[in-house]
Amino acid sequence: MELDRDKCCYCGGCVGICPENALELRETALCIDGERCKNCGLCAKFCPVGALTKDENS
Amino acid sequence: MKIPDYDAVVVGAGPAGSIAARFLAEKGVKTLVVDKKQEIGTPKRCAEGINLGGLEKIGIKPDPRWVTSEITGSTIHSPGGGKVVCKFSKGYVLERKIFEKHLAMDAIRAGARYMVKTRAIEAIKEGDKVTGIRAEFMGEEFTINSKLVIAADGVDSKIARSAGINTTNKMTDYHSGFQYEMAGLNLEGHDMLHLYFGNEIAPKGYVWIFPKGKDVANVGIGILASQSEEGNRARDYLDRFIESHPETFGNSSPIEINTGGIPVSSSVDTFVMDGFMIVGDAAHQVNPIHGGGMAIAMKAAKLCAEVGAQAIKEGNVSKERLYEYEKTWRETEGVKLQKLFKLRIFLEKLNDNDFEKFADILSEEDIIKLTNAEYKSLFKTFARKAPKILPLALKFLSG
Ligand SMILES: Cc1cc2nc3c(=O)[nH]c(=O)nc-3n(C[C@H](O)[C@H](O)[C@H](O)COP(=O)(O)OP(=O)(O)OC[C@H]3O[C@@H](n4cnc5c(N)ncnc54)[C@H](O)[C@@H]3O)c2cc1C
Ligand code: SF4
Ligand code: SF4
(Lines give C-alpha, C1' and ligand atoms only; values in the text may rest on other atoms or scores of the structure.)
(Ligands and ions follow the chains in the order given, each with its own letter.)
Protein backbone atom coordinates (compact mmCIF):
# COMPACT_ATOMS: atom_id res chain seq x y z
CA MET A 1 0.00 0.00 0.00
CA GLU A 2 1.07 3.55 -0.73
CA LEU A 3 0.24 6.31 1.74
CA ASP A 4 -0.03 9.96 0.73
CA ARG A 5 1.06 11.69 3.94
CA ASP A 6 -0.16 15.05 2.66
CA LYS A 7 -3.71 13.72 2.46
CA CYS A 8 -3.82 11.51 5.58
CA CYS A 9 -5.77 13.09 8.46
CA TYR A 10 -4.44 10.48 10.95
CA CYS A 11 -7.83 9.25 12.12
CA GLY A 12 -7.02 5.53 12.32
CA GLY A 13 -10.27 4.60 10.60
CA CYS A 14 -8.36 2.35 8.20
CA VAL A 15 -6.72 0.56 11.16
CA GLY A 16 -10.13 -0.70 12.27
CA ILE A 17 -10.96 -2.20 8.86
CA CYS A 18 -7.69 -4.01 8.10
CA PRO A 19 -8.31 -7.78 8.29
CA GLU A 20 -4.58 -8.47 8.64
CA ASN A 21 -3.99 -6.00 11.49
CA ALA A 22 -1.23 -4.56 9.27
CA LEU A 23 -1.90 -0.89 10.07
CA GLU A 24 -1.04 1.12 13.13
CA LEU A 25 -1.58 4.78 13.90
CA ARG A 26 1.30 6.16 15.96
CA GLU A 27 0.17 9.61 17.06
CA THR A 28 -0.06 11.29 13.62
CA ALA A 29 1.89 8.71 11.59
CA LEU A 30 0.08 5.84 9.93
CA CYS A 31 2.45 2.85 9.69
CA ILE A 32 1.97 -0.03 7.27
CA ASP A 33 3.47 -3.42 8.12
CA GLY A 34 4.49 -4.58 4.65
CA GLU A 35 4.93 -8.17 5.84
CA ARG A 36 1.37 -8.48 7.11
CA CYS A 37 -0.37 -6.46 4.37
CA LYS A 38 -2.01 -8.63 1.70
CA ASN A 39 -2.78 -5.64 -0.54
CA CYS A 40 -6.53 -6.37 -0.36
CA GLY A 41 -7.33 -2.68 -0.83
CA LEU A 42 -10.08 -2.41 1.81
CA CYS A 43 -8.29 0.39 3.64
CA ALA A 44 -7.91 2.32 0.37
CA LYS A 45 -11.61 1.93 -0.41
CA PHE A 46 -12.60 3.01 3.10
CA CYS A 47 -10.36 6.07 3.53
CA PRO A 48 -12.61 9.17 3.68
CA VAL A 49 -10.00 11.30 1.85
CA GLY A 50 -8.31 8.77 -0.45
CA ALA A 51 -4.89 8.84 1.18
CA LEU A 52 -4.14 5.16 0.49
CA THR A 53 -3.53 3.53 -2.88
CA LYS A 54 -3.25 -0.14 -3.70
CA ASP A 55 0.11 -1.38 -4.91
CA GLU A 56 -0.39 -2.28 -8.55
CA ASN A 57 2.87 -4.24 -8.87
CA SER A 58 2.33 -6.85 -6.16
CA MET B 1 11.55 2.09 32.48
CA LYS B 2 10.14 0.21 35.46
CA ILE B 3 6.41 0.56 35.97
CA PRO B 4 4.92 -0.87 39.17
CA ASP B 5 2.24 -3.56 38.95
CA TYR B 6 -1.35 -2.38 38.77
CA ASP B 7 -4.70 -3.96 39.58
CA ALA B 8 -6.10 -2.61 36.32
CA VAL B 9 -4.58 -1.12 33.16
CA VAL B 10 -6.92 0.77 30.85
CA VAL B 11 -5.75 1.28 27.25
CA GLY B 12 -7.21 4.50 25.84
CA ALA B 13 -8.26 7.76 27.52
CA GLY B 14 -11.38 8.43 25.45
CA PRO B 15 -14.82 8.62 27.09
CA ALA B 16 -14.88 4.83 27.63
CA GLY B 17 -11.39 4.63 29.16
CA SER B 18 -11.63 7.63 31.47
CA ILE B 19 -15.07 6.68 32.79
CA ALA B 20 -13.90 3.10 33.41
CA ALA B 21 -10.82 4.47 35.20
CA ARG B 22 -12.86 6.81 37.38
CA PHE B 23 -15.25 4.09 38.55
CA LEU B 24 -12.39 1.62 39.14
CA ALA B 25 -10.42 4.18 41.16
CA GLU B 26 -13.50 5.15 43.17
CA LYS B 27 -13.79 1.50 44.19
CA GLY B 28 -10.18 1.56 45.43
CA VAL B 29 -8.71 -0.31 42.45
CA LYS B 30 -5.11 0.68 41.66
CA THR B 31 -5.58 1.86 38.07
CA LEU B 32 -3.32 3.08 35.26
CA VAL B 33 -4.57 4.60 31.99
CA VAL B 34 -2.26 4.77 28.97
CA ASP B 35 -3.03 6.79 25.84
CA LYS B 36 -0.85 7.00 22.77
CA LYS B 37 -1.82 10.63 22.18
CA GLN B 38 0.39 13.31 23.65
CA GLU B 39 -2.70 15.45 24.14
CA ILE B 40 -5.86 13.76 25.41
CA GLY B 41 -8.88 14.51 23.23
CA THR B 42 -6.99 15.84 20.20
CA PRO B 43 -7.64 15.48 17.33
CA LYS B 44 -11.34 14.87 17.78
CA ARG B 45 -13.10 12.22 15.71
CA CYS B 46 -16.60 13.33 16.56
CA ALA B 47 -19.55 15.62 15.83
CA GLU B 48 -19.82 16.17 19.59
CA GLY B 49 -23.58 15.63 19.99
CA ILE B 50 -24.89 13.97 23.16
CA ASN B 51 -28.22 13.95 24.96
CA LEU B 52 -28.63 15.01 28.55
CA GLY B 53 -29.63 11.50 29.60
CA GLY B 54 -26.32 10.18 28.30
CA LEU B 55 -24.46 12.42 30.76
CA GLU B 56 -26.85 12.01 33.68
CA LYS B 57 -26.68 8.21 33.58
CA ILE B 58 -23.05 8.34 34.61
CA GLY B 59 -23.45 11.21 37.04
CA ILE B 60 -21.96 14.03 34.97
CA LYS B 61 -23.47 17.51 35.13
CA PRO B 62 -23.27 19.65 31.96
CA ASP B 63 -20.49 22.17 32.49
CA PRO B 64 -20.14 25.46 30.57
CA ARG B 65 -16.42 24.72 30.21
CA TRP B 66 -17.21 21.99 27.67
CA VAL B 67 -20.79 22.64 26.52
CA THR B 68 -20.93 24.85 23.41
CA SER B 69 -24.67 24.77 22.74
CA GLU B 70 -28.00 23.42 23.93
CA ILE B 71 -30.11 21.37 21.55
CA THR B 72 -33.85 20.77 21.71
CA GLY B 73 -34.35 18.30 18.87
CA SER B 74 -33.47 17.32 15.33
CA THR B 75 -34.71 18.26 11.89
CA ILE B 76 -34.70 15.44 9.37
CA HIS B 77 -34.33 16.64 5.79
CA SER B 78 -35.62 14.16 3.20
CA PRO B 79 -34.01 13.74 -0.26
CA GLY B 80 -36.64 15.93 -1.94
CA GLY B 81 -36.22 18.78 0.53
CA GLY B 82 -39.01 17.86 2.97
CA LYS B 83 -38.52 18.42 6.68
CA VAL B 84 -39.65 16.56 9.78
CA VAL B 85 -39.02 18.33 13.04
CA CYS B 86 -38.57 16.13 16.13
CA LYS B 87 -38.36 17.75 19.51
CA PHE B 88 -36.80 15.43 22.07
CA SER B 89 -35.39 15.82 25.55
CA LYS B 90 -32.49 18.20 25.95
CA GLY B 91 -29.13 17.59 24.31
CA TYR B 92 -25.78 19.32 23.85
CA VAL B 93 -23.00 19.85 21.39
CA LEU B 94 -19.76 19.62 23.35
CA GLU B 95 -16.23 20.91 23.00
CA ARG B 96 -15.04 17.35 23.14
CA LYS B 97 -11.32 18.01 23.50
CA ILE B 98 -12.03 19.84 26.75
CA PHE B 99 -14.68 17.31 27.80
CA GLU B 100 -12.22 14.41 27.47
CA LYS B 101 -9.59 16.26 29.49
CA HIS B 102 -12.14 16.85 32.24
CA LEU B 103 -13.07 13.16 32.28
CA ALA B 104 -9.38 12.36 32.73
CA MET B 105 -8.99 14.96 35.50
CA ASP B 106 -11.97 13.46 37.33
CA ALA B 107 -10.47 9.97 37.07
CA ILE B 108 -7.11 11.27 38.36
CA ARG B 109 -8.85 13.02 41.26
CA ALA B 110 -10.55 9.70 42.06
CA GLY B 111 -7.08 8.12 42.31
CA ALA B 112 -6.24 6.79 38.83
CA ARG B 113 -2.80 7.34 37.26
CA TYR B 114 -2.33 8.39 33.62
CA MET B 115 0.47 8.13 31.06
CA VAL B 116 0.15 10.03 27.77
CA LYS B 117 2.16 9.57 24.57
CA THR B 118 2.29 5.96 25.74
CA ARG B 119 1.31 3.40 23.14
CA ALA B 120 0.14 -0.07 24.12
CA ILE B 121 1.80 -2.41 21.64
CA GLU B 122 0.02 -5.63 22.59
CA ALA B 123 -1.62 -7.61 25.36
CA ILE B 124 0.70 -10.01 27.17
CA LYS B 125 -0.71 -13.48 27.69
CA GLU B 126 0.14 -16.51 29.83
CA GLY B 127 -1.78 -19.29 28.14
CA ASP B 128 -5.30 -17.93 27.64
CA LYS B 129 -4.99 -15.32 30.36
CA VAL B 130 -4.07 -11.68 29.77
CA THR B 131 -1.54 -10.58 32.40
CA GLY B 132 -0.61 -7.08 31.25
CA ILE B 133 0.52 -5.08 28.24
CA ARG B 134 3.69 -4.28 26.39
CA ALA B 135 3.92 -0.52 25.86
CA GLU B 136 6.21 2.21 24.56
CA PHE B 137 6.92 5.77 25.74
CA MET B 138 9.36 8.06 23.92
CA GLY B 139 11.00 5.14 22.16
CA GLU B 140 11.44 3.02 25.26
CA GLU B 141 9.58 -0.29 25.51
CA PHE B 142 8.47 -1.87 28.78
CA THR B 143 5.87 -4.20 30.22
CA ILE B 144 3.12 -3.37 32.68
CA ASN B 145 1.72 -6.26 34.72
CA SER B 146 -1.86 -6.07 35.90
CA LYS B 147 -4.64 -8.31 37.12
CA LEU B 148 -7.03 -6.84 34.58
CA VAL B 149 -6.54 -5.13 31.20
CA ILE B 150 -9.41 -3.05 29.79
CA ALA B 151 -9.19 -2.31 26.07
CA ALA B 152 -10.86 1.09 25.48
CA ASP B 153 -8.71 1.84 22.45
CA GLY B 154 -11.45 3.00 20.10
CA VAL B 155 -11.88 1.95 16.46
CA ASP B 156 -8.21 0.96 16.13
CA SER B 157 -9.02 -1.86 18.57
CA LYS B 158 -5.59 -3.41 18.17
CA ILE B 159 -5.26 -4.58 21.77
CA ALA B 160 -8.27 -6.91 21.65
CA ARG B 161 -6.99 -8.29 18.36
CA SER B 162 -3.56 -8.88 19.87
CA ALA B 163 -5.27 -10.77 22.72
CA GLY B 164 -7.10 -12.98 20.23
CA ILE B 165 -10.59 -11.42 19.90
CA ASN B 166 -11.52 -10.40 16.38
CA THR B 167 -12.84 -6.85 16.49
CA THR B 168 -12.08 -5.95 12.85
CA ASN B 169 -14.89 -3.98 11.23
CA LYS B 170 -16.65 -5.13 8.07
CA MET B 171 -17.10 -2.82 5.07
CA THR B 172 -20.89 -3.34 5.32
CA ASP B 173 -20.98 -2.49 9.06
CA TYR B 174 -18.66 0.52 9.17
CA HIS B 175 -19.13 4.15 8.23
CA SER B 176 -16.51 6.29 6.56
CA GLY B 177 -16.72 9.73 8.18
CA PHE B 178 -15.53 13.18 7.14
CA GLN B 179 -16.27 16.52 8.77
CA TYR B 180 -15.42 20.20 8.76
CA GLU B 181 -15.90 22.29 11.84
CA MET B 182 -17.00 25.55 10.20
CA ALA B 183 -17.45 29.15 11.23
CA GLY B 184 -19.33 31.95 9.49
CA LEU B 185 -22.37 29.81 8.74
CA ASN B 186 -25.82 31.12 8.10
CA LEU B 187 -27.69 28.57 10.22
CA GLU B 188 -31.42 28.20 10.32
CA GLY B 189 -32.36 26.81 13.73
CA HIS B 190 -29.15 26.60 15.70
CA ASP B 191 -30.82 24.77 18.59
CA MET B 192 -31.54 21.78 16.33
CA LEU B 193 -29.38 18.98 14.93
CA HIS B 194 -29.87 18.85 11.16
CA LEU B 195 -29.76 15.50 9.36
CA TYR B 196 -29.90 15.20 5.55
CA PHE B 197 -30.73 11.93 3.84
CA GLY B 198 -30.63 10.73 0.24
CA ASN B 199 -28.66 8.43 -2.01
CA GLU B 200 -27.02 11.33 -3.87
CA ILE B 201 -26.31 13.15 -0.60
CA ALA B 202 -24.89 10.32 1.52
CA PRO B 203 -25.36 6.72 0.31
CA LYS B 204 -26.49 4.53 3.24
CA GLY B 205 -25.63 7.28 5.66
CA TYR B 206 -26.38 10.96 6.22
CA VAL B 207 -25.00 14.49 6.30
CA TRP B 208 -25.18 16.28 9.65
CA ILE B 209 -24.98 19.87 10.84
CA PHE B 210 -24.48 20.00 14.61
CA PRO B 211 -24.47 23.67 15.71
CA LYS B 212 -21.88 24.81 18.24
CA GLY B 213 -23.40 28.26 18.50
CA LYS B 214 -25.11 30.73 16.21
CA ASP B 215 -22.74 30.53 13.25
CA VAL B 216 -20.39 27.64 14.08
CA ALA B 217 -21.10 23.94 13.53
CA ASN B 218 -19.71 20.51 12.88
CA VAL B 219 -20.70 19.81 9.28
CA GLY B 220 -20.05 16.18 8.49
CA ILE B 221 -21.00 13.00 6.71
CA GLY B 222 -20.94 9.26 7.27
CA ILE B 223 -21.40 6.84 4.36
CA LEU B 224 -21.32 3.05 4.46
CA ALA B 225 -17.72 2.00 3.77
CA SER B 226 -18.82 -0.37 1.01
CA GLN B 227 -20.21 2.66 -0.89
CA SER B 228 -16.93 4.60 -0.74
CA GLU B 229 -14.88 4.73 -3.93
CA GLU B 230 -12.51 7.02 -5.79
CA GLY B 231 -14.38 10.24 -6.66
CA ASN B 232 -17.23 9.27 -4.35
CA ARG B 233 -15.63 9.24 -0.95
CA ALA B 234 -17.08 10.80 2.21
CA ARG B 235 -15.07 13.96 1.50
CA ASP B 236 -16.36 14.21 -2.10
CA TYR B 237 -20.00 13.89 -1.02
CA LEU B 238 -19.61 16.50 1.71
CA ASP B 239 -17.84 18.98 -0.58
CA ARG B 240 -20.68 18.60 -3.11
CA PHE B 241 -23.28 19.10 -0.37
CA ILE B 242 -21.61 22.29 0.82
CA GLU B 243 -21.30 23.62 -2.70
CA SER B 244 -25.00 23.05 -3.33
CA HIS B 245 -26.05 25.08 -0.27
CA PRO B 246 -24.55 28.56 -0.75
CA GLU B 247 -27.33 30.07 1.39
CA THR B 248 -25.81 28.30 4.42
CA PHE B 249 -22.14 27.99 3.52
CA GLY B 250 -21.50 30.99 1.24
CA ASN B 251 -19.53 33.01 3.81
CA SER B 252 -18.14 30.16 5.88
CA SER B 253 -14.69 28.63 6.26
CA PRO B 254 -13.42 25.50 7.97
CA ILE B 255 -11.54 25.76 11.26
CA GLU B 256 -10.89 21.99 11.53
CA ILE B 257 -11.00 18.84 9.44
CA ASN B 258 -11.98 15.60 11.17
CA THR B 259 -12.14 12.10 9.73
CA GLY B 260 -12.80 8.66 11.16
CA GLY B 261 -14.42 5.24 11.08
CA ILE B 262 -17.71 4.52 12.84
CA PRO B 263 -18.64 0.92 13.79
CA VAL B 264 -22.35 0.28 13.11
CA SER B 265 -22.50 -3.50 13.68
CA SER B 266 -24.14 -3.04 17.15
CA SER B 267 -21.36 -5.01 18.95
CA VAL B 268 -18.51 -7.51 18.58
CA ASP B 269 -19.19 -11.15 19.47
CA THR B 270 -17.08 -11.32 22.65
CA PHE B 271 -16.31 -8.67 25.27
CA VAL B 272 -14.27 -10.66 27.81
CA MET B 273 -11.53 -13.23 28.29
CA ASP B 274 -9.46 -14.20 31.33
CA GLY B 275 -8.08 -10.94 32.77
CA PHE B 276 -9.43 -8.89 29.84
CA MET B 277 -12.43 -6.70 28.93
CA ILE B 278 -13.29 -4.58 25.87
CA VAL B 279 -15.43 -1.42 25.98
CA GLY B 280 -16.63 1.43 23.75
CA ASP B 281 -15.83 1.74 20.05
CA ALA B 282 -13.29 -1.08 20.43
CA ALA B 283 -16.29 -3.36 21.13
CA HIS B 284 -18.43 -1.57 18.46
CA GLN B 285 -20.76 -0.29 21.20
CA VAL B 286 -22.22 2.44 19.00
CA ASN B 287 -25.77 3.35 17.96
CA PRO B 288 -26.06 1.74 14.48
CA ILE B 289 -28.59 4.35 13.32
CA HIS B 290 -26.87 7.63 14.04
CA GLY B 291 -23.34 6.50 14.89
CA GLY B 292 -23.39 8.19 18.30
CA GLY B 293 -21.08 6.35 20.64
CA MET B 294 -20.06 8.60 23.55
CA ALA B 295 -23.08 7.97 25.80
CA ILE B 296 -23.16 4.24 25.06
CA ALA B 297 -19.40 3.91 25.62
CA MET B 298 -19.56 5.72 28.98
CA LYS B 299 -22.54 3.72 30.23
CA ALA B 300 -20.86 0.45 29.22
CA ALA B 301 -17.60 1.63 30.82
CA LYS B 302 -19.34 2.18 34.16
CA LEU B 303 -20.77 -1.34 34.05
CA CYS B 304 -17.42 -2.77 32.91
CA ALA B 305 -15.61 -1.04 35.79
CA GLU B 306 -18.15 -2.14 38.41
CA VAL B 307 -17.88 -5.79 37.40
CA GLY B 308 -14.09 -5.50 36.98
CA ALA B 309 -13.60 -3.91 40.41
CA GLN B 310 -15.72 -6.55 42.12
CA ALA B 311 -13.89 -9.36 40.29
CA ILE B 312 -10.50 -7.96 41.35
CA LYS B 313 -11.70 -7.72 44.96
CA GLU B 314 -12.83 -11.35 44.86
CA GLY B 315 -9.48 -12.39 43.38
CA ASN B 316 -11.24 -13.97 40.41
CA VAL B 317 -10.81 -12.24 37.03
CA SER B 318 -11.70 -15.34 35.02
CA LYS B 319 -13.66 -15.03 31.80
CA GLU B 320 -16.66 -16.59 33.58
CA ARG B 321 -16.58 -13.96 36.34
CA LEU B 322 -16.11 -11.03 33.94
CA TYR B 323 -18.91 -12.34 31.71
CA GLU B 324 -21.36 -10.65 34.10
CA TYR B 325 -20.47 -7.41 32.30
CA GLU B 326 -21.18 -8.83 28.86
CA LYS B 327 -24.37 -10.60 29.95
CA THR B 328 -25.83 -7.51 31.65
CA TRP B 329 -24.91 -5.32 28.68
CA ARG B 330 -26.43 -7.69 26.12
CA GLU B 331 -29.67 -7.98 28.14
CA THR B 332 -30.08 -4.21 28.40
CA GLU B 333 -28.34 -1.84 25.93
CA GLY B 334 -27.52 -4.76 23.63
CA VAL B 335 -31.18 -5.58 23.00
CA LYS B 336 -31.86 -2.01 21.87
CA LEU B 337 -28.76 -1.80 19.68
CA GLN B 338 -29.64 -5.14 18.04
CA LYS B 339 -33.08 -3.76 17.16
CA LEU B 340 -31.58 -0.53 15.84
CA PHE B 341 -29.16 -2.61 13.80
CA LYS B 342 -32.18 -4.21 12.09
CA LEU B 343 -33.66 -0.76 11.51
CA ARG B 344 -30.39 0.28 9.88
CA ILE B 345 -30.53 -2.67 7.48
CA PHE B 346 -34.18 -1.85 6.72
CA LEU B 347 -33.42 1.82 6.01
CA GLU B 348 -30.54 0.81 3.73
CA LYS B 349 -33.03 -1.09 1.55
CA LEU B 350 -35.15 2.02 0.93
CA ASN B 351 -34.64 4.08 -2.20
CA ASP B 352 -35.11 7.84 -2.23
CA ASN B 353 -38.79 7.54 -3.21
CA ASP B 354 -39.48 5.15 -0.34
CA PHE B 355 -37.64 7.48 1.96
CA GLU B 356 -39.70 10.43 0.81
CA LYS B 357 -42.88 8.49 1.48
CA PHE B 358 -41.49 7.46 4.83
CA ALA B 359 -40.83 11.06 5.83
CA ASP B 360 -44.27 11.99 4.58
CA ILE B 361 -46.32 9.51 6.59
CA LEU B 362 -44.39 9.36 9.84
CA SER B 363 -45.26 11.78 12.59
CA GLU B 364 -42.83 13.24 15.07
CA GLU B 365 -43.91 10.62 17.65
CA ASP B 366 -43.45 7.82 15.12
CA ILE B 367 -39.87 8.89 14.48
CA ILE B 368 -39.09 9.16 18.18
CA LYS B 369 -40.49 5.63 18.58
CA LEU B 370 -38.30 4.40 15.72
CA THR B 371 -35.15 5.81 17.29
CA ASN B 372 -36.17 4.16 20.58
CA ALA B 373 -36.46 0.83 18.73
CA GLU B 374 -40.24 0.58 19.34
CA TYR B 375 -41.67 -0.64 16.04
CA LYS B 376 -44.98 -2.33 16.79
CA SER B 377 -47.37 0.57 16.37
CA LEU B 378 -45.60 1.61 13.17
CA PHE B 379 -46.72 -1.48 11.26
CA LYS B 380 -50.28 -0.13 11.40
CA THR B 381 -49.16 3.17 9.93
CA PHE B 382 -47.31 1.33 7.15
CA ALA B 383 -50.33 -0.91 6.45
CA ARG B 384 -52.57 2.11 6.08
CA LYS B 385 -50.33 4.61 4.36
CA ALA B 386 -47.45 2.71 2.74
CA PRO B 387 -48.54 -0.88 2.07
CA LYS B 388 -45.63 -1.30 -0.35
CA ILE B 389 -43.08 -0.83 2.44
CA LEU B 390 -44.96 -3.06 4.92
CA PRO B 391 -43.52 -6.45 3.85
CA LEU B 392 -39.98 -5.07 4.05
CA ALA B 393 -40.72 -3.53 7.45
CA LEU B 394 -42.19 -6.78 8.75
CA LYS B 395 -39.25 -8.76 7.42
CA PHE B 396 -36.61 -6.61 9.09
CA LEU B 397 -38.32 -5.07 12.09
CA SER B 398 -40.65 -7.68 13.53
CA GLY B 399 -39.54 -10.22 16.13
C1 LIG C 1 -16.90 11.68 12.25
C2 LIG C 1 -17.47 11.13 13.55
C3 LIG C 1 -18.52 11.78 14.17
C4 LIG C 1 -19.04 11.28 15.37
N5 LIG C 1 -20.03 11.97 16.00
C6 LIG C 1 -20.49 11.57 17.21
C7 LIG C 1 -21.45 12.35 17.93
O8 LIG C 1 -21.89 13.41 17.50
N9 LIG C 1 -21.87 11.89 19.14
C10 LIG C 1 -21.40 10.72 19.69
O11 LIG C 1 -21.82 10.35 20.79
N12 LIG C 1 -20.48 9.99 19.03
C13 LIG C 1 -20.01 10.38 17.81
N14 LIG C 1 -19.06 9.63 17.16
C15 LIG C 1 -18.58 8.39 17.78
C16 LIG C 1 -17.70 8.67 18.98
O17 LIG C 1 -16.65 9.53 18.61
C18 LIG C 1 -17.13 7.36 19.55
O19 LIG C 1 -18.17 6.42 19.68
C20 LIG C 1 -16.46 7.57 20.89
O21 LIG C 1 -15.31 8.34 20.75
C22 LIG C 1 -16.08 6.24 21.53
O23 LIG C 1 -15.30 6.45 22.68
P24 LIG C 1 -14.14 5.45 23.06
O25 LIG C 1 -13.62 5.93 24.36
O26 LIG C 1 -14.62 4.05 22.94
O27 LIG C 1 -13.04 5.59 21.92
P28 LIG C 1 -12.13 6.87 21.51
O29 LIG C 1 -12.80 8.12 21.87
O30 LIG C 1 -11.74 6.64 20.11
O31 LIG C 1 -10.85 6.73 22.45
C32 LIG C 1 -9.87 5.76 22.24
C33 LIG C 1 -8.56 6.26 22.81
O34 LIG C 1 -7.63 5.18 22.81
C35 LIG C 1 -6.38 5.65 22.41
N36 LIG C 1 -5.64 4.50 21.86
C37 LIG C 1 -5.94 3.77 20.76
N38 LIG C 1 -5.03 2.78 20.58
C39 LIG C 1 -4.14 2.89 21.60
C40 LIG C 1 -2.97 2.16 21.96
N41 LIG C 1 -2.56 1.12 21.25
N42 LIG C 1 -2.28 2.57 23.04
C43 LIG C 1 -2.69 3.63 23.77
N44 LIG C 1 -3.80 4.35 23.47
C45 LIG C 1 -4.51 3.98 22.41
C46 LIG C 1 -6.69 6.73 21.40
O47 LIG C 1 -5.61 7.63 21.29
C48 LIG C 1 -7.94 7.37 22.00
O49 LIG C 1 -7.63 8.44 22.83
C50 LIG C 1 -18.51 10.10 15.94
C51 LIG C 1 -17.45 9.44 15.30
C52 LIG C 1 -16.92 9.95 14.13
C53 LIG C 1 -15.76 9.25 13.49
S1 SF4 D 1 -8.35 6.30 7.03
FE2 SF4 D 1 -7.20 7.62 5.61
S3 SF4 D 1 -7.03 9.57 6.72
FE4 SF4 D 1 -7.56 8.04 8.26
S5 SF4 D 1 -5.56 7.33 9.06
FE6 SF4 D 1 -6.16 5.93 7.40
S7 SF4 D 1 -5.13 6.79 5.60
FE8 SF4 D 1 -5.14 8.42 7.13
S1 SF4 E 1 -4.46 -3.48 1.82
FE2 SF4 E 1 -5.71 -4.84 3.12
S3 SF4 E 1 -4.17 -5.97 4.31
FE4 SF4 E 1 -3.08 -4.21 3.42
S5 SF4 E 1 -3.16 -2.62 5.00
FE6 SF4 E 1 -4.94 -2.29 3.65
S7 SF4 E 1 -6.63 -3.42 4.60
FE8 SF4 E 1 -4.72 -4.17 5.52
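The values are calculated or read from the model by the stated rules, or taken from the named source; none is laboratory data. Keep in mind it's a predicted model, so treat the numbers as computed, not measured. Please note: Cβ atoms are built from the backbone with ideal geometry, for glycine as well, and neighbour counts cover all protein chains shown. Side chains are part of the model used for accessible areas, which takes the heavy atoms of the whole protein and leaves out ligands, DNA and RNA. Shrake-Rupley method; radii C 1.70, N 1.55, O 1.52, S 1.80 Å.
If the label point is 7 Å along Cα→Cβ of B:I98, which residues in region B:1-35 have backbone nitrogen under 18 Å from it?
Answer for region B:1-35: B:15.
Which entries of B:K36/B:K369; B:K313/B:K369; A:K7/B:K101 show an alpha-carbon separation above 30 angstrom in the structure shown?
Numbers: B:K36/B:K369 40 Å; B:K313/B:K369 41 Å; A:K7/B:K101 28 Å.
Where the Cα-Cα span goes over 30 Å, the pairs concerned are B:K36/B:K369; B:K313/B:K369.
So for the pair B:K380, B:F137, with labels modelled 7 Å out along Cα→Cβ, what separation do we get in nm?
6.2 nm
Could you tell me what fraction of 2.2 N^0.38 Å the Cα radius of gyration of region B:252-399 comes to, as a two-decimal ratio?
Working: Rg = 19.1 Å, N = 148, 2.2 N^0.38 = 14.7 Å.
In units of the globular-protein estimate, region B:252-399 measures up at 1.30.
Which residue fluctuates the most in chain B, going by a Gaussian network model with Cα springs under 10 Å, if the choices are B:S267, B:S162, B:S146?
Sorting by GNM fluctuation, first place goes to B:S162.
Mind checking the full-extension length gain between B:K395 and B:M171? Use 0.36 nm per residue of separation minus the Cα-Cα distance, one decimal, nm.
Additional length available on full extension: 78.3 nm.
Just round it to a whole percent: the fraction of Cα-Cα distances in the protein assembly as shown exceeding 32 Å.
37 percent
Ignoring ligands, DNA and RNA and using a 1.4 Å probe, state the total buried accessible area between B and A in Å², rounded to the nearest 100.
Separately minus together, B and A give about 2300 Å² buried.
So what's the projected area for chain B, the Cα convex hull averaged over all directions, in nm²?
Taking a quarter of the hull surface, the average projection is 19.3 nm².
Across region A:4-56, what fraction of all alpha-carbon pairs, as a whole percent, falls in each successive 10 Å bin from zero upward?
Going from the shortest bin to the longest, the percentages are 27, 63, 10.
Determine, from the Cβ-Cβ distance of B:I368 and A:C31 and an R0 of 41 Å, the FRET efficiency 1/(1 + (r/R0)^6), rounded to the nearest 0.05.
0.40
Name every cysteine in chain A that ends up alone, with no second cysteine's Cβ under 4.7 Å, or say none.
Taking the Cβ cut-off of 4.7 Å, the unpaired cysteines of chain A are A:C8, A:C9, A:C11, A:C18, A:C31, A:C37, A:C40, A:C47.
Send over the Kirkwood Rh of region B:64-106, from the inverse of the averaged 1/r over different Cα pairs, rounded to one decimal Å.
Computed over region B:64-106, the radius equals 12.4 Å.
Which residue fluctuates most in the GNM of chain B (Cα springs below 10 Å): B:E126, B:E188, B:E256?
It is B:E126.
By its C-alpha gyration tensor, with a ≥ b ≥ c as the square roots of the eigenvalues, how is region B:20-70 shaped: rounded for a/c under 1.5, else prolate for a/b larger than b/c, else oblate?
The shape class here is oblate.
Only residues of region B:12-32 count here: report those whose backbone N is under 16 Å from the spot 7 Å along Cα→Cβ of B:E126, or say none.
Correct set: none at all.
Once the convex hull of the alpha carbons of region B:341-397 is built, what does its volume come to per residue, in cubic angstrom?
It comes to 70 Å³ per residue, whole-number rounded.
In whole Å, what are the extents of region B:143-204 along the principal axes defined by its C-alpha atoms, from largest to smallest?
Reported extents, whole Å, longest axis first: 53, 26, 17.
Determine the calculated [θ] at 222 nm for chain B from helices alone, applying -39500 (n - 2.57) to every DSSP H run no shorter than 4 residues and normalising by the residue count; nearest 500 deg cm²/dmol.
Dividing the helical sum by the residues of chain B leaves -10500 deg cm²/dmol.
For B:Q338 and B:K90, what is the calculated FRET efficiency with R₀ set at 25 Å and r taken between the beta-carbons, to the nearest 0.05? Mind dumping the intermediate values first?
Values: r = 27 Å, r/R0 = 1.08.
E(calc), rounded to 0.05, equals 0.40.
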